[in-house]
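Have a look at the structure below, then the notes.
The values are calculated or read from the model by the stated rules, or taken from the named source; none is laboratory data. This is a predicted model, so every value here is computed, not measured. In this analysis, Cβ positions are derived from the backbone assuming ideal geometry, glycine residues included, and neighbour counts consider all displayed protein chains.
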Amino acid sequence: MADQPKLIIDSDWKSQAQAEKERLEQQAAAKVAAKKAPLGAMPAAAGPAGEEGEEAEAGPMGFKDIVAMLATQAMSYMGYFPDPRTGQAVVALDYAKLHIDMLCILEEKTKGNLTEEEQAFMTRSVSELRLAFVELSKAVAKAVQEGRIKPQGGPGGGPGGAMGLGGMAGPGLSGGAPGLHLGGTT
């Protein structure tokens, strides 16, 4: 019996395995809780197990983020941002109006349920977008009437839709309108 190796049992592995099991159970419970929580209440690190990268840095989404997303889309369709493929901004007033209308619906449906800061942000965003839309609509109508630009076919085309602009640049149609196919020939 002297030749039989001595069996050494490390009891620490049992505690490590138990700790790992408990950690996995906590992560699973956190995922279940995150799925049941409203979108704005999601924890910042709700990503896959062990990954606290982008979501942890970005923080949870909130009401202001939704308003900003819709406002950015409206601004994009009003020609404030160029198309990444062509480098030219496009004005599609019907799509801009759609996003502004969605913000107005959101404002109406959330009335009385927002903090003062959220309500002020919403009101300011909608007001500024409406003003910009009206001014741009008037400028586009005037430019179309003068023959400086012409409506383009395709999505957003037609009255108040996508516009093509020959040789004009800059905001407000004083030397150009934002996004009306800047620098192209029509």
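Here are the numbers for the structure shown:
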| quantity | calculated |
| --- | --- |
| Residues satisfying the stated conditions in the range 65-85, i.e. at negative phi, touching a strand residue (DSSP E or B) at 6+ places or on another chain (Cβ under 9 Å) and part of a loop (DSSP other than H, G, I, E, B) | Pro82, Asp83 |
| Some residue of the range 125-139 being of a type in the set (Lys, Arg) and over 29 Å from Lys64 (Cα atoms) | yes |
| Tyr95 being part of a loop (DSSP other than H, G, I, E, B) and surrounded by 15 or more Cβ atoms within 10 Å (Cβ to Cβ) | no |
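Residue-by-condition table, conditions (1) among the polar types (S, T, N, Q); (2) out of contact with any helix residue (DSSP H, G or I) (no Cβ under 8 Å at 6 or more places or on another chain); (3) modelled with pLDDT of 90 or more:
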{"position": "Ala45", "(1), (2), (3)": "no, no, no"}
{"position": "Glu51", "(1), (2), (3)": "no, yes, no"}
{"position": "Gly59", "(1), (2), (3)": "no, yes, no"}
{"position": "Thr72", "(1), (2), (3)": "yes, yes, yes"}
{"position": "Tyr80", "(1), (2), (3)": "no, yes, yes"}
{"position": "Gln88", "(1), (2), (3)": "yes, yes, no"}
